[in-house]
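Values in this text are rule-based calculations from the coordinates and carry no lab data. Model, not experiment: these values are computed from the prediction. Using ideal geometry, Cβ is built from the backbone for each residue, glycine included, and neighbour counts are taken over all protein chains shown.
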Amino acid sequence: YDVALLTSLPECEYVASTPLQTKRETPQQAGNLDLAEMFSLYPNPTKNFVIVTLQTDQKMDVHFSLVDMYGVEVKDFGTLTTLVGENKAKLTTDGLRAGTYFMQLTTPQKILYRKMVLVD
């Protein structure tokens, strides 16, 4: 895969992309990955950064932002163009206070959230 396809994010370091592994699926089955199950954060709780892992079955633009408990955006990480397979991005959390937040991923199909805890 061509890493040059990725859009540069101001506070994001592209980590990796690996090809999607499927078990002899039909084209209809292969296009039915549930993004909610393919989105994770680690380490969590975290201090200075978080690695977001997202597995996709197609190239798409994904917007990353962090919202507080009230749904107010506290940090905008920008948009990343994913590749087919597993995509990882390292996002810095510098300048944020310790507390509970939600990582918001906005895709063309839906908006996904994962709880994230920042510690001192």
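Ordered by the number of other Cβ atoms lying within 10 Å of each residue's own Cβ, fewest first, 70, 101, 113, 42 fall into the sequence 70, 42, 113, 101.
Sort 50, 119 so that the residue with the fewest other Cβ atoms within 10 Å of its own Cβ comes first and the one with the most comes last.
Listed from fewest to most nearby Cβ atoms, that is 119, 50.
Counting neighbouring beta carbons within 10 Å and listing from fewest to most, the residues 86, 73 come out as 73, 86. Per-residue extension of 0.36 nm, minus the Cα-Cα distance of residue 40 and residue 61, leaves a gain of 5.9 nm for this segment. In plain terms, the chain from residue 79 to residue 47 could stretch by 9.3 nm, reckoned as 0.36 nm per residue minus the Cα-Cα distance. For a straight C-alpha distance cut-off of 23 angstrom, the lysines reachable from residue 75 (same-chain residues fewer than eight places away being disregarded) are 47, 88, 90, 110, 115.
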